[in-house]
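What follows is calculated from the coordinates using simple rules that are stated; it is not laboratory data. Quantities reported herein were computed from a predicted structural model and do not represent experimental measurements. Cβ sites come from the backbone with ideal geometry, for glycine too, and all protein chains shown count toward neighbours.
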Amino acid sequence: MRFGPFVMMVVLLGATITPRTAAQNSADSKFSSQTETRAQHDQRMRWWREARFGMFIHWGLYAVPAGEYKGQRSDRIGEWIMDWANIPRSEYEKFATQFNPVSFNAKEWVRIAKDAGMKYIVITSKHHDGFSMYGSKVSKYDIVDATPFHRDAIKELATEAKRQGLEFCFYYSILDWHYPAAYVDAVGKDPTAGNFLTKMKPGGKEEYVRYMKEQLRELVSSYDPAVLWFDGEWQDWWTEEDGQDLYRFVRGLKADIIINNRVGKGRQGMHGMNKTDRIYSGDFGTPEQEIPANGLPGVDWESCMTMNTTWGFKSYDDHWKSPEVIIRNLIDIASKGGNYLLNVGPTASGLIPSPSVDRLAAVGKWMKVNGESIYGTSASPFATQLQYGRATSKPGRVYLHIFNWPANGRLSLHSWGPQVKRVYFLADKKRSLDFQRDSDGITLQLGEHPLDPVATVVVLETIVGRHSVGRPS
Ligand code: FHN
């Protein structure tokens, strides 16, 4: 049972799953989806919930300086260079004349995502720098009009994603450092540079909202995205009411589109889930660079994360996560009922950095064998965290993801209620594993060595309906 970020508040406060009141259901359906019934909501969210794993792509003009401006470097994120290098708008615009990604190959990008086991792609149609990475009719500051490349790379990517069976989605920034009515009022900052907060000249906000809606109309009608992933909503001039209005506007353009909670003002910083003082707009929570400590029953959420420490390409950021960490993050997130949106930051020449490609290939190798234990699963049925790893579930199946192999190859689960009819490795389905039942629970004979040191998946086939899960060992 799931109903968007609002639910989470109930769970955390109550520490037990309290059934939803009629008021909550109607409030939810009335708010985030106008007249959407719960069944319609579940239908709209179904592909996304089952997908579990997507590629985030931060690509834009910031890939040209690649984290360096006039010899100045920073350990801050690359796509914010217009801010931390205090680059005036007129200077930053010049990067467009140097943006010519001749090595861009949509087929290759989508193949890399697909082979990693990813089911959807979310690409930056416009980031905070205000540059449109698609052929916009309402802005000349875009990849077709303002760069020597003149090709609509996003059109090619959308077409290829659909051809290879991946859902295509857009990131869109509400914060726009390039919009004429926006300006910066901060000590030591050029008023047209980037900045965490911007202000709007009188009448500028209404004008900008019209501009945004025109861009969103052309994005939805020309590229048919499955998700709108908003960001940059923390501006003082942007309100929850604006978020509700934009949510309704976008759902009006495409009824079954999914919209994250950064359309409104609900998000609690990097924690990403909504505050609890009222109902907020959006269909799912967005933790950033973090994974919730515990599962959030009934809540749709997606954790977005970098593979190094920047979203946009930086030539000198080599703080790469290991494939093991990335795979275990995916498992950890799925075991808590969430999605994993893993980022790549392509270069200005149009290549996904090889350390990213290598890591995605390693994830893909694991997913090829173990994808069944991730896609379409629900959160762990165990009430507490497992010492030796994580668990995901489906009706009649529990998937144990073993990170720490038990010394003697024997794994005990105390007071294991349901009838286990078979135990086997997902990587070796034909060979049944021995297990003993005793008064206290069940003990699995796993053998001395893991099949995969990163995570070996053990499947417990249970008789559906007999599922009183006890304390794990
Ligand atoms: O400022 C952005 C940042 O550049 C990046 O896009 C991330 C991705 O979720 N979101 C914002 C920071 O919260």
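Please report, in Å, the Rg and the Dmax of the stretch 174-213, where both are computed over Cα atoms only.
10.0, 33
Using θ = phi - 60° and the Karplus form 6.51 cos²θ - 1.76 cosθ + 1.60, what ³J(HN,Hα) does each residue of the stretch 348-357 get, whole Hz, x for Gly and Pro?
With coefficients 6.51, -1.76 and 1.60, one gets 5, 8, x, 10, 7, x, 4, x, 6, 4 Hz.
Just rank Glu108, Glu302, Glu93, fewest to most, by other beta-carbon atoms within 10 angstrom. Don't skip to the answer; put the middle values down first.
Values: Glu108 15, Glu302 26, Glu93 18.
Arranged by neighbour count, lowest to highest, Glu108, Glu302, Glu93 become Glu108, Glu93, Glu302.
Less than 15 Å from a label point 7 Å out along the Cα-to-Cβ axis of Lys94: which backbone N atoms in the stretch 178-210 qualify, by residue?
No residue qualifies, since no backbone N sits under 15 Å from the label point.
Could I have the simple spin-label model distance between Ser74 and Thr37, label points 7 Å from Cα toward Cβ, reported in nm to one decimal?
The modelled label-to-label distance comes out at 5.1 nm.
Quick one: net charge of Ser354's neighbours, Cβ under 13 Å, K/R +1, D/E -1?
Details: positive: Arg359; negative: Glu108, Asp318, Asp358.
Net charge in that neighbourhood comes out at -2.
Describe numerically, in nm with one decimal, the distance between label points set 7 Å from Cα along Cα→Cβ at Val138 and at Phe249.
It works out to 0.7 nm between the two label points.
Listing Val184, Val110 from the residue with the fewest other Cβ atoms within 10 Å to the one with the most, what is the order?
Arranged by neighbour count, lowest to highest, Val184, Val110 become Val184, Val110.
Among Trp311, Trp48, which comes first, second and so on when ranked by fewest other beta-carbon atoms within 10 Å?
Exposure proxy ranking, most exposed first: Trp48, Trp311.
Place a point 7 Å from the Cα of Arg210 along the Cα-to-Cβ direction; which residues of the stretch 98-132 have their backbone N under 18 Å from it?
No residue qualifies, since no backbone N sits under 18 Å from the label point.
Principal axis lengths of the stretch 305-367 from Cα atoms, whole Å, largest first?
Result, largest extent first: 37, 20, 18 Å.
Could you tell me what a quarter of the Cα convex hull surface of the stretch 80-129 works out to, in nm² with one decimal place?
4.9 nm²
Relative to the longest principal axis of the C-alpha atoms of the chain, give the angle of the C-alpha long axis of helix 204-223, reported between 0 and 90° and rounded to the nearest 10°.
60 degrees
Would you mind computing the Rg to Rh ratio of the stretch 133-282 from its alpha-carbon coordinates, Kirkwood style for Rh?
0.98
In degrees, nearest 10, range 0 to 90: what is the angle between the Cα axis of helix 38-51 and the longest Cα principal axis of the chain?
The angle comes out near 90 degrees.
Need one number: % antiparallel among DSSP beta bridges in the chain, to the nearest 5.
Percent antiparallel among DSSP bridges in the chain is about 55.
Enumerate the whole-percent occupancy of each 5 Å bin, from 0 to the last occupied one, for all C-alpha pair distances of the stretch 267-371.
With a bin width of 5 Å, the distribution comes to 2, 11, 20, 20, 17, 14, 9, 4, 1, 0.
Provide the convex hull volume over Cα atoms per residue for the stretch 365-423, in Å³.
Here the figure is 112 Å³ per residue.
Hey, could you pull the Cα Rg and Dmax for the stretch 41-138, both in Å?
16.6, 52
How large is the translational diffusion coefficient of the stretch 57-213 in µm² per second when you combine the Kirkwood radius over alpha carbon pairs with Stokes-Einstein at 25 °C and 0.890 mPa s? Intermediate values should be presented prior to the final figure.
Working: Rh = 16.6 Å.
Stokes-Einstein gives a translational diffusion coefficient of 148 µm²/s.
Helix 323-335 against the longest principal axis of the chain: what's the angle in degrees, Cα atoms only, rounded to the nearest 10?
Around 70 degrees separate the two axes.
Taking 10 °C and 1.306 mPa s as the conditions, I'd like the Stokes-Einstein D for the stretch 89-175 in µm²/s, using the Kirkwood hydrodynamic radius from alpha carbon pairs.
Answer from the Stokes-Einstein relation: 116 µm²/s.
If each DSSP helix of 4+ residues adds -39,500 (n - 2.57) and the sum is divided by the residues in the chain, what number results at 222 nm, nearest 500 deg cm²/dmol? Don't skip to the end; give the middle numbers.
Details: 12 runs with 133 residues, N = 473.
Here the helix-only value at 222 nm equals -8500 deg cm²/dmol.
If you build the Cα gyration tensor of the chain and take the root of 5 times each eigenvalue, what three semi-axes come out, in whole angstrom, biggest first?
Listed largest to smallest, the semi-axes of the chain are 41, 26, 19 Å.
Taking only the alpha-carbon positions of the stretch 325-455 and ignoring solvent, what does the Debye formula give for the base-10 log of I(q)/I(0) at q = 0.13 Å⁻¹?
Debye curve over Cα of the stretch 325-455, log10 I(q)/I(0) at q = 0.13 Å⁻¹: -0.60.
Can you tell me the length gained on complete extension of the stretch Thr384 to Arg111, counting 0.36 nm per residue apart and subtracting the Cα distance?
Numbers: separation 273, 0.36 × 273 = 98.28 nm, distance 3.75 nm.
Extra length available between Thr384 and Arg111 comes to 94.5 nm.
Just need the relative contact order of the chain here, percent rounded to a whole number, with Cα pairs under 8 Å and 6+ apart.
17 percent
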